[in-house]
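> Here it is, the structure in full.
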Amino acid sequence: MSSRWVFFDLDGTLTRSEEGIWNCARYAAQRMGFPQPDGETLKQWIGPPLIWSFRNLLGMTEKQAVRAQEIYRERYTAVGKFENQVYPGVRGMLRALRAGGVHLGVVTGKPEGPTRDILEHFGLMKFVERISCATDARAEKDHLIRSVLPEDAEEAWMVGDRRFDMEGGVQAGVRTIGAAWGYGTEEELRDAGAQYIARDAWAVAEIVCPGARRPEGAFLSMEGLDGSGKSTQMEMLTRNLERFGFEVEHSREPGGTPIGEKIRELLLSRENGEMTDVTEALLYAAARAQHVRERIRPAVAAGRVLLCDRFLDSSVAYQGGGRQLGVDRVLALNAEAVEDTLPMVTIYLDLDHRTSLARRSAASELDRLEAEKEEFHARVEQGYHELISRNPDRYVVVDARKDREEIAREISEKVLERLLAAEEAG
Ligand code: TMP
(Lines give C-alpha, C1' and ligand atoms only; values in the text may rest on other atoms or scores of the structure.)
Protein backbone atom coordinates (compact mmCIF):
# COMPACT_ATOMS: atom_id res chain seq x y z
CA MET A 1 0.00 0.00 0.00
CA SER A 2 1.39 3.35 -0.93
CA SER A 3 2.08 5.70 1.90
CA ARG A 4 2.20 9.39 1.09
CA TRP A 5 2.83 12.04 3.69
CA VAL A 6 2.52 15.82 3.71
CA PHE A 7 3.96 17.79 6.62
CA PHE A 8 2.88 21.35 7.29
CA ASP A 9 4.48 24.14 9.22
CA LEU A 10 1.92 25.81 11.55
CA ASP A 11 2.45 29.61 11.92
CA GLY A 12 2.21 31.32 8.56
CA THR A 13 1.19 28.10 6.76
CA LEU A 14 -1.91 26.64 8.40
CA THR A 15 -2.66 29.64 10.63
CA ARG A 16 -1.98 33.34 10.59
CA SER A 17 -0.75 34.08 14.06
CA GLU A 18 0.26 37.73 14.12
CA GLU A 19 -2.79 39.06 15.96
CA GLY A 20 -2.12 37.01 19.09
CA ILE A 21 1.63 37.60 18.96
CA TRP A 22 1.19 41.35 18.54
CA ASN A 23 -1.44 41.64 21.25
CA CYS A 24 0.86 39.83 23.67
CA ALA A 25 3.84 42.02 22.72
CA ARG A 26 1.78 45.18 23.29
CA TYR A 27 0.46 43.84 26.58
CA ALA A 28 3.93 42.94 27.87
CA ALA A 29 5.32 46.35 26.82
CA GLN A 30 2.50 48.13 28.63
CA ARG A 31 2.83 46.07 31.79
CA MET A 32 6.58 46.78 31.84
CA GLY A 33 5.93 50.52 31.45
CA PHE A 34 7.47 50.70 27.97
CA PRO A 35 5.90 52.61 25.04
CA GLN A 36 3.61 50.61 22.73
CA PRO A 37 5.55 49.09 19.79
CA ASP A 38 4.49 50.62 16.44
CA GLY A 39 3.44 48.71 13.32
CA GLU A 40 6.94 48.50 11.84
CA THR A 41 8.38 47.15 15.08
CA LEU A 42 5.61 44.56 15.36
CA LYS A 43 6.29 43.32 11.83
CA GLN A 44 9.83 42.41 12.87
CA TRP A 45 8.49 40.57 15.91
CA ILE A 46 7.45 37.39 14.16
CA GLY A 47 10.31 34.96 13.87
CA PRO A 48 13.12 35.93 16.26
CA PRO A 49 13.21 34.65 19.88
CA LEU A 50 11.15 36.75 22.31
CA ILE A 51 14.02 37.83 24.54
CA TRP A 52 15.87 39.11 21.49
CA SER A 53 12.82 41.15 20.41
CA PHE A 54 12.25 42.69 23.84
CA ARG A 55 15.90 43.70 24.03
CA ASN A 56 16.55 44.82 20.48
CA LEU A 57 13.18 46.09 19.34
CA LEU A 58 12.01 47.69 22.60
CA GLY A 59 15.38 48.45 24.21
CA MET A 60 14.93 46.42 27.42
CA THR A 61 17.75 45.15 29.57
CA GLU A 62 18.28 41.38 29.76
CA LYS A 63 16.54 41.27 33.14
CA GLN A 64 13.56 43.30 31.91
CA ALA A 65 13.31 41.15 28.78
CA VAL A 66 13.15 37.97 30.87
CA ARG A 67 10.28 39.41 32.93
CA ALA A 68 8.53 40.71 29.78
CA GLN A 69 8.77 37.24 28.28
CA GLU A 70 7.00 35.78 31.31
CA ILE A 71 4.20 38.34 31.03
CA TYR A 72 3.96 37.68 27.30
CA ARG A 73 3.71 33.93 27.84
CA GLU A 74 1.02 34.26 30.50
CA ARG A 75 -1.23 36.12 28.08
CA TYR A 76 -0.28 33.91 25.13
CA THR A 77 -1.18 30.74 27.03
CA ALA A 78 -4.51 32.13 28.24
CA VAL A 79 -5.84 33.88 25.12
CA GLY A 80 -3.12 34.85 22.64
CA LYS A 81 -2.78 31.42 21.05
CA PHE A 82 -6.41 31.50 19.95
CA GLU A 83 -6.15 35.00 18.45
CA ASN A 84 -5.21 33.17 15.35
CA GLN A 85 -6.79 32.59 11.99
CA VAL A 86 -6.84 29.52 9.79
CA TYR A 87 -5.89 30.66 6.28
CA PRO A 88 -8.70 30.58 3.71
CA GLY A 89 -8.71 27.37 1.70
CA VAL A 90 -6.66 25.39 4.25
CA ARG A 91 -9.61 23.32 5.50
CA GLY A 92 -10.71 22.31 2.00
CA MET A 93 -7.13 21.46 1.04
CA LEU A 94 -6.60 19.25 4.11
CA ARG A 95 -9.92 17.51 3.52
CA ALA A 96 -9.10 16.85 -0.13
CA LEU A 97 -5.69 15.40 0.73
CA ARG A 98 -7.20 13.11 3.36
CA ALA A 99 -9.85 12.04 0.86
CA GLY A 100 -7.00 11.20 -1.55
CA GLY A 101 -5.51 8.84 1.04
CA VAL A 102 -2.62 11.17 1.93
CA HIS A 103 -1.37 11.15 5.54
CA LEU A 104 -0.89 14.54 7.18
CA GLY A 105 1.47 15.85 9.82
CA VAL A 106 2.52 19.12 11.43
CA VAL A 107 6.15 20.11 11.89
CA THR A 108 6.62 23.32 13.83
CA GLY A 109 9.05 25.39 15.82
CA LYS A 110 6.32 25.93 18.42
CA PRO A 111 6.26 23.84 21.60
CA GLU A 112 3.89 20.88 21.63
CA GLY A 113 1.36 22.26 24.16
CA PRO A 114 0.21 25.33 22.23
CA THR A 115 0.48 23.45 18.93
CA ARG A 116 -2.00 20.82 20.08
CA ASP A 117 -4.27 23.45 21.68
CA ILE A 118 -4.42 25.48 18.47
CA LEU A 119 -5.06 22.45 16.25
CA GLU A 120 -7.79 21.22 18.64
CA HIS A 121 -9.39 24.64 19.03
CA PHE A 122 -9.69 25.15 15.27
CA GLY A 123 -10.89 21.60 14.57
CA LEU A 124 -7.77 20.70 12.58
CA MET A 125 -6.54 17.88 14.80
CA LYS A 126 -8.81 15.36 13.10
CA PHE A 127 -6.85 15.76 9.86
CA VAL A 128 -3.45 15.31 11.46
CA GLU A 129 -1.84 11.98 12.35
CA ARG A 130 1.62 13.06 13.48
CA ILE A 131 3.03 16.16 15.15
CA SER A 132 6.67 17.13 15.54
CA CYS A 133 7.43 20.15 17.70
CA ALA A 134 10.53 22.00 18.79
CA THR A 135 11.96 21.32 22.22
CA ASP A 136 14.52 23.35 24.15
CA ALA A 137 17.11 20.83 22.99
CA ARG A 138 16.26 20.49 19.27
CA ALA A 139 14.48 22.95 17.00
CA GLU A 140 16.02 22.41 13.54
CA LYS A 141 13.39 21.64 10.95
CA ASP A 142 15.31 18.85 9.22
CA HIS A 143 15.60 17.02 12.53
CA LEU A 144 11.91 17.62 13.28
CA ILE A 145 10.94 16.24 9.85
CA ARG A 146 13.18 13.16 10.11
CA SER A 147 11.81 12.35 13.52
CA VAL A 148 8.20 12.01 12.26
CA LEU A 149 8.83 10.62 8.82
CA PRO A 150 7.72 6.96 8.75
CA GLU A 151 10.35 4.59 7.42
CA ASP A 152 8.03 3.13 4.85
CA ALA A 153 6.88 6.51 3.45
CA GLU A 154 6.98 6.28 -0.32
CA GLU A 155 6.52 9.96 -0.87
CA ALA A 156 6.82 12.87 1.54
CA TRP A 157 6.43 16.62 1.28
CA MET A 158 7.18 19.60 3.49
CA VAL A 159 4.94 22.66 3.08
CA GLY A 160 6.00 25.88 4.78
CA ASP A 161 6.18 29.63 4.44
CA ARG A 162 9.77 30.35 5.54
CA ARG A 163 13.23 29.50 4.39
CA PHE A 164 13.78 27.20 7.42
CA ASP A 165 10.93 24.95 6.25
CA MET A 166 12.35 24.60 2.74
CA GLU A 167 15.93 24.09 3.89
CA GLY A 168 14.78 21.56 6.47
CA GLY A 169 12.79 19.70 3.82
CA VAL A 170 15.73 19.57 1.41
CA GLN A 171 18.09 18.35 4.15
CA ALA A 172 15.61 15.70 5.26
CA GLY A 173 15.29 14.50 1.66
CA VAL A 174 11.58 15.24 1.16
CA ARG A 175 9.87 17.26 -1.57
CA THR A 176 9.18 20.90 -0.82
CA ILE A 177 6.31 23.31 -1.45
CA GLY A 178 6.67 26.98 -0.54
CA ALA A 179 3.47 28.44 0.92
CA ALA A 180 3.56 31.89 -0.62
CA TRP A 181 0.47 33.05 1.31
CA GLY A 182 2.44 33.18 4.59
CA TYR A 183 5.19 35.42 5.94
CA GLY A 184 8.04 34.57 3.55
CA THR A 185 8.40 35.87 -0.03
CA GLU A 186 8.44 33.67 -3.11
CA GLU A 187 12.06 34.66 -3.64
CA GLU A 188 13.04 33.56 -0.13
CA LEU A 189 11.28 30.23 -0.65
CA ARG A 190 12.86 29.54 -4.05
CA ASP A 191 16.32 30.52 -2.83
CA ALA A 192 15.91 28.05 0.02
CA GLY A 193 15.15 25.20 -2.37
CA ALA A 194 11.35 25.17 -2.78
CA GLN A 195 10.55 22.82 -5.66
CA TYR A 196 7.03 24.18 -6.01
CA ILE A 197 5.41 27.46 -5.00
CA ALA A 198 1.76 27.41 -3.95
CA ARG A 199 0.12 30.83 -4.08
CA ASP A 200 -2.93 29.67 -2.14
CA ALA A 201 -3.76 26.68 0.01
CA TRP A 202 -5.76 24.86 -2.64
CA ALA A 203 -2.71 24.82 -4.94
CA VAL A 204 -1.08 22.37 -2.49
CA ALA A 205 -3.89 19.86 -3.06
CA GLU A 206 -3.42 20.24 -6.82
CA ILE A 207 0.33 19.68 -6.61
CA VAL A 208 0.15 16.61 -4.36
CA CYS A 209 -3.07 15.10 -5.78
CA PRO A 210 -3.52 16.39 -9.33
CA GLY A 211 -7.19 16.54 -10.24
CA ALA A 212 -8.30 16.66 -6.57
CA ARG A 213 -11.92 17.73 -6.14
CA ARG A 214 -12.85 20.55 -3.84
CA PRO A 215 -14.92 19.31 -0.92
CA GLU A 216 -18.38 20.84 -0.70
CA GLY A 217 -19.03 23.93 1.39
CA ALA A 218 -22.30 24.51 3.19
CA PHE A 219 -25.52 26.46 2.94
CA LEU A 220 -26.77 28.29 6.04
CA SER A 221 -29.81 30.54 6.43
CA MET A 222 -30.73 33.22 8.95
CA GLU A 223 -34.40 33.78 9.76
CA GLY A 224 -36.41 36.01 12.03
CA LEU A 225 -39.01 38.74 12.16
CA ASP A 226 -38.05 42.15 10.85
CA GLY A 227 -35.88 44.00 13.35
CA SER A 228 -34.53 40.82 14.95
CA GLY A 229 -30.92 41.79 14.15
CA LYS A 230 -30.19 39.42 11.25
CA SER A 231 -27.77 41.74 9.45
CA THR A 232 -25.63 42.34 12.54
CA GLN A 233 -25.55 38.64 13.37
CA MET A 234 -24.67 37.71 9.80
CA GLU A 235 -21.62 39.97 10.04
CA MET A 236 -20.59 38.63 13.44
CA LEU A 237 -21.01 35.00 12.44
CA THR A 238 -19.01 35.61 9.29
CA ARG A 239 -16.09 37.02 11.27
CA ASN A 240 -16.12 34.00 13.57
CA LEU A 241 -16.32 31.48 10.73
CA GLU A 242 -13.53 33.23 8.84
CA ARG A 243 -11.30 32.86 11.88
CA PHE A 244 -11.70 29.10 11.41
CA GLY A 245 -10.75 29.43 7.74
CA PHE A 246 -14.25 29.07 6.29
CA GLU A 247 -14.77 31.17 3.18
CA VAL A 248 -18.11 32.84 3.70
CA GLU A 249 -20.32 34.43 1.07
CA HIS A 250 -23.48 36.43 1.87
CA SER A 251 -26.72 36.53 0.01
CA ARG A 252 -30.33 37.41 0.67
CA GLU A 253 -33.89 36.58 -0.30
CA PRO A 254 -35.78 37.84 -2.07
CA GLY A 255 -32.77 38.81 -4.20
CA GLY A 256 -29.20 37.57 -4.42
CA THR A 257 -29.15 37.62 -8.23
CA PRO A 258 -29.86 40.43 -10.74
CA ILE A 259 -33.21 38.81 -11.62
CA GLY A 260 -34.01 38.18 -7.96
CA GLU A 261 -33.28 41.79 -7.03
CA LYS A 262 -35.76 42.96 -9.70
CA ILE A 263 -38.37 40.62 -8.29
CA ARG A 264 -37.56 42.00 -4.82
CA GLU A 265 -38.44 45.50 -5.96
CA LEU A 266 -41.79 44.27 -7.24
CA LEU A 267 -42.50 42.45 -4.00
CA LEU A 268 -41.55 45.16 -1.55
CA SER A 269 -42.81 48.25 -3.36
CA ARG A 270 -45.79 49.78 -1.59
CA GLU A 271 -47.15 50.72 -5.01
CA ASN A 272 -48.08 47.07 -5.55
CA GLY A 273 -50.90 46.98 -3.03
CA GLU A 274 -53.15 45.00 -5.38
CA MET A 275 -50.79 41.99 -5.56
CA THR A 276 -52.69 38.77 -4.73
CA ASP A 277 -51.34 36.41 -2.10
CA VAL A 278 -50.67 33.64 -4.63
CA THR A 279 -48.83 36.05 -6.95
CA GLU A 280 -46.73 37.09 -3.99
CA ALA A 281 -45.88 33.50 -3.04
CA LEU A 282 -45.01 32.62 -6.66
CA LEU A 283 -42.77 35.66 -7.04
CA TYR A 284 -40.83 34.72 -3.90
CA ALA A 285 -40.52 31.18 -5.29
CA ALA A 286 -39.42 32.47 -8.73
CA ALA A 287 -36.67 34.64 -7.20
CA ARG A 288 -35.62 31.60 -5.16
CA ALA A 289 -35.43 29.28 -8.19
CA GLN A 290 -32.94 31.68 -9.76
CA HIS A 291 -31.02 32.12 -6.52
CA VAL A 292 -30.63 28.40 -5.85
CA ARG A 293 -29.17 27.76 -9.31
CA GLU A 294 -27.18 30.94 -9.89
CA ARG A 295 -25.69 31.50 -6.43
CA ILE A 296 -26.32 28.87 -3.77
CA ARG A 297 -25.38 25.64 -5.53
CA PRO A 298 -22.27 27.08 -7.27
CA ALA A 299 -20.99 28.56 -3.97
CA VAL A 300 -21.42 25.28 -2.10
CA ALA A 301 -19.82 23.31 -4.95
CA ALA A 302 -16.82 25.66 -4.82
CA GLY A 303 -16.35 24.85 -1.11
CA ARG A 304 -17.69 28.11 0.27
CA VAL A 305 -20.17 28.68 3.10
CA LEU A 306 -23.14 30.55 1.69
CA LEU A 307 -24.93 32.43 4.45
CA CYS A 308 -28.33 33.61 3.34
CA ASP A 309 -30.54 36.26 4.91
CA ARG A 310 -33.88 34.36 4.69
CA PHE A 311 -34.81 31.34 2.55
CA LEU A 312 -37.74 28.97 2.07
CA ASP A 313 -38.81 29.21 5.71
CA SER A 314 -39.63 32.89 5.23
CA SER A 315 -42.19 31.88 2.61
CA VAL A 316 -43.66 29.27 4.92
CA ALA A 317 -43.93 31.81 7.77
CA TYR A 318 -44.98 34.92 5.79
CA GLN A 319 -47.08 33.49 2.96
CA GLY A 320 -48.09 30.24 4.68
CA GLY A 321 -48.74 31.83 8.09
CA GLY A 322 -49.06 35.59 7.56
CA ARG A 323 -51.10 35.39 4.33
CA GLN A 324 -52.78 32.18 5.50
CA LEU A 325 -52.01 30.18 2.36
CA GLY A 326 -51.02 27.27 4.61
CA VAL A 327 -47.74 25.45 5.05
CA ASP A 328 -48.34 22.62 2.61
CA ARG A 329 -49.49 24.87 -0.20
CA VAL A 330 -46.43 27.09 0.14
CA LEU A 331 -44.11 24.08 0.23
CA ALA A 332 -45.77 22.68 -2.88
CA LEU A 333 -45.34 26.02 -4.70
CA ASN A 334 -41.67 26.01 -3.81
CA ALA A 335 -40.85 22.37 -4.55
CA GLU A 336 -39.68 23.06 -8.09
CA ALA A 337 -37.68 26.13 -7.05
CA VAL A 338 -35.75 24.44 -4.27
CA GLU A 339 -35.62 20.73 -5.19
CA ASP A 340 -33.19 19.20 -2.67
CA THR A 341 -31.36 22.40 -1.77
CA LEU A 342 -32.00 23.07 1.90
CA PRO A 343 -29.84 24.76 4.54
CA MET A 344 -27.61 22.58 6.72
CA VAL A 345 -28.43 24.95 9.59
CA THR A 346 -31.10 27.62 9.95
CA ILE A 347 -30.52 30.24 12.63
CA TYR A 348 -33.69 31.75 14.07
CA LEU A 349 -33.41 35.04 15.94
CA ASP A 350 -36.34 34.69 18.24
CA LEU A 351 -38.19 37.98 18.78
CA ASP A 352 -41.88 38.30 19.62
CA HIS A 353 -43.93 40.22 17.08
CA ARG A 354 -44.66 43.14 19.43
CA THR A 355 -40.99 43.88 20.07
CA SER A 356 -40.38 43.40 16.36
CA LEU A 357 -43.10 45.97 15.64
CA ALA A 358 -41.58 48.47 18.07
CA ARG A 359 -38.13 48.04 16.49
CA ARG A 360 -39.63 48.28 13.01
CA SER A 361 -41.52 51.49 13.72
CA ALA A 362 -38.25 53.08 14.76
CA ALA A 363 -36.80 52.33 11.28
CA SER A 364 -37.23 54.98 8.61
CA GLU A 365 -39.47 53.47 5.94
CA LEU A 366 -41.57 50.32 6.05
CA ASP A 367 -41.83 48.10 2.97
CA ARG A 368 -45.07 46.49 1.77
CA LEU A 369 -44.79 43.50 4.11
CA GLU A 370 -43.42 45.35 7.10
CA ALA A 371 -46.39 47.73 6.84
CA GLU A 372 -48.86 44.85 7.41
CA LYS A 373 -51.00 44.92 10.54
CA GLU A 374 -50.14 43.31 13.84
CA GLU A 375 -52.21 40.12 13.34
CA PHE A 376 -50.22 39.37 10.19
CA HIS A 377 -46.95 39.50 12.10
CA ALA A 378 -48.40 37.46 14.95
CA ARG A 379 -49.22 34.72 12.42
CA VAL A 380 -45.70 34.96 10.92
CA GLU A 381 -44.24 34.45 14.38
CA GLN A 382 -46.49 31.47 14.95
CA GLY A 383 -45.46 30.10 11.54
CA TYR A 384 -41.82 30.17 12.56
CA HIS A 385 -42.54 28.38 15.83
CA GLU A 386 -44.29 25.63 13.94
CA LEU A 387 -41.33 25.28 11.57
CA ILE A 388 -38.94 25.04 14.49
CA SER A 389 -40.94 22.27 16.13
CA ARG A 390 -41.07 20.40 12.82
CA ASN A 391 -37.30 20.76 12.15
CA PRO A 392 -35.57 20.70 15.52
CA ASP A 393 -32.32 19.32 14.09
CA ARG A 394 -31.92 21.98 11.46
CA TYR A 395 -32.76 24.95 13.67
CA VAL A 396 -30.54 26.93 16.01
CA VAL A 397 -32.86 29.19 18.01
CA VAL A 398 -31.44 32.19 19.87
CA ASP A 399 -33.20 34.78 22.01
CA ALA A 400 -32.86 38.00 19.96
CA ARG A 401 -33.32 40.24 23.00
CA LYS A 402 -30.01 39.18 24.53
CA ASP A 403 -26.83 41.16 24.22
CA ARG A 404 -25.55 40.99 20.62
CA GLU A 405 -22.15 39.61 21.63
CA GLU A 406 -23.81 36.83 23.59
CA ILE A 407 -26.11 36.01 20.68
CA ALA A 408 -23.11 35.91 18.35
CA ARG A 409 -21.25 33.57 20.70
CA GLU A 410 -24.17 31.16 20.94
CA ILE A 411 -24.72 31.11 17.20
CA SER A 412 -21.04 30.63 16.34
CA GLU A 413 -20.64 27.80 18.79
CA LYS A 414 -23.57 25.84 17.42
CA VAL A 415 -22.89 26.53 13.77
CA LEU A 416 -19.22 25.62 14.12
CA GLU A 417 -20.16 22.40 15.84
CA ARG A 418 -22.21 21.46 12.79
CA LEU A 419 -19.67 22.58 10.21
CA LEU A 420 -16.82 20.75 11.92
CA ALA A 421 -18.88 17.58 12.28
CA ALA A 422 -19.74 17.72 8.58
CA GLU A 423 -16.02 17.82 7.74
CA GLU A 424 -15.50 14.68 9.73
CA ALA A 425 -18.30 12.92 7.89
CA GLY A 426 -16.38 13.23 4.65
P1 TMP B 1 -35.89 41.58 4.49
O2 TMP B 1 -36.47 42.92 4.84
O3 TMP B 1 -35.52 40.76 5.65
O4 TMP B 1 -34.84 41.69 3.43
O5 TMP B 1 -37.07 40.74 3.81
C6 TMP B 1 -37.97 41.29 2.93
C7 TMP B 1 -39.38 41.02 3.34
O8 TMP B 1 -39.88 39.93 2.57
C9 TMP B 1 -39.57 40.67 4.79
O10 TMP B 1 -40.64 41.43 5.31
C11 TMP B 1 -39.98 39.22 4.76
C12 TMP B 1 -40.56 39.02 3.40
N13 TMP B 1 -40.41 37.68 2.84
C14 TMP B 1 -41.54 36.92 2.58
O15 TMP B 1 -42.65 37.35 2.88
N16 TMP B 1 -41.40 35.69 2.01
C17 TMP B 1 -40.20 35.19 1.64
O18 TMP B 1 -40.11 34.08 1.11
C19 TMP B 1 -39.01 35.99 1.90
C20 TMP B 1 -37.67 35.47 1.50
C21 TMP B 1 -39.18 37.22 2.50
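The values are calculated or read from the model by the stated rules, or taken from the named source; none is laboratory data. Please read all numbers here as calculations on a predicted model, not as lab measurements. Every residue, glycine as well, gets a Cβ built from its backbone with ideal geometry; the counts of neighbours run over all protein chains shown. Heavy atoms of the whole protein, side chains included, go into the accessibility calculation; ligands, DNA and RNA do not. Shrake-Rupley method; radii C 1.70, N 1.55, O 1.52, S 1.80 Å.
> Return one number: the angle in degrees, 0 to 90 and rounded to the nearest 10, between the long axis of the Cα atoms of helix 18-31 and the longest principal axis of the Cα atoms of the chain.
Between helix and principal axis, roughly 70 degrees.
> For the pairs Lys262/Lys402; Lys81/Lys230; Lys63/Lys141; Lys43/Lys141; Lys230/Lys414; Lys262/Lys414, note any where the Cα-Cα span goes beyond 27 Å.
Working: Lys262/Lys402 35 Å; Lys81/Lys230 30 Å; Lys63/Lys141 30 Å; Lys43/Lys141 23 Å; Lys230/Lys414 16 Å; Lys262/Lys414 34 Å.
Exceeds cut-off: Lys262/Lys402; Lys81/Lys230; Lys63/Lys141; Lys262/Lys414.
> Straight-line reach from Lys126: which aspartates and glutamates fall under 20 Å, measuring Cα to Cα and dropping same-chain residues less than 8 apart?
Candidates past the 8-residue exclusion: Asp9, Asp11, Glu112, Asp117, Glu216, Glu242, Glu247, Glu413, Glu417, Glu423, Glu424.
> Here's another thing I want to ask about it. Dipole magnitude of the chain about its Cα centre, charges +1 at Lys/Arg Cβ and -1 at Asp/Glu Cβ only, in debye to the nearest 20? Don't jump to the answer; show the numbers that get you there.
On the way: 57 positive and 71 negative charges, 125 e Å.
With only Lys, Arg, Asp and Glu charged at Cβ, the dipole is about 600 debye.
> Provide the solvent-accessible area of Ile21, counting protein heavy atoms only and rolling a 1.4 Å probe, rounded to the nearest 10 Å².
20
> From the protein chains alone at 1.4 Å, what is the descending order of accessible area for Lys81, Lys126, largest first?
Lys126, Lys81
> Going by alpha carbons, how many degrees (0 to 90, nearest 10) lie between the helix axis of 230-243 and the longest principal axis of the chain?
Result, in degrees: 20.
> Moving to a separate point now. Which loop-located GluC sites (Glu not before Pro) does segment 253-292 contain, where loop means any DSSP state but H, G, I, E or B and the Cβ has at most 12 other Cβ atoms within 10 Å?
Numbers: sites: Glu261, Glu265, Glu271, Glu274, Glu280; in loops: Glu271, Glu274.
Listed in order of number, the matching sites are Glu271, Glu274.
> Can you give the accessible area of Arg95, probe radius 1.4 Å, in Å² rounded to 10?
Counting only protein heavy atoms, Arg95 exposes about 50 Å² to solvent.
> Right, here's the next one. Give me the number: length gained by fully extending Arg418 to Glu188, i.e. 0.36 nm times residue separation minus the C-alpha to C-alpha distance, one decimal in nm. Walk me through the intermediate numbers first.
Values: separation 230, 0.36 × 230 = 82.80 nm, distance 3.94 nm.
Between Arg418 and Glu188, full extension yields an extra 78.9 nm.
> If you don't mind, there's one more thing I want to ask. Testing the spin-label approximation: label points 7 Å from Cα along Cα→Cβ at Arg401 and Glu386. State their distance in nm.
Spacing of the two 7 Å Cα→Cβ label points: 2.5 nm.
> Protein chains only, probe 1.4 Å: how do Val305, Val278 rank by accessible area, largest first? Don't skip to the end; give the middle numbers.
Values: Val305 5, Val278 55 Å².
Ranked from most to least accessible, the order is Val278, Val305.
> Segment 18-64 to segment 231-272: how many Å between their Cα centroids?
42
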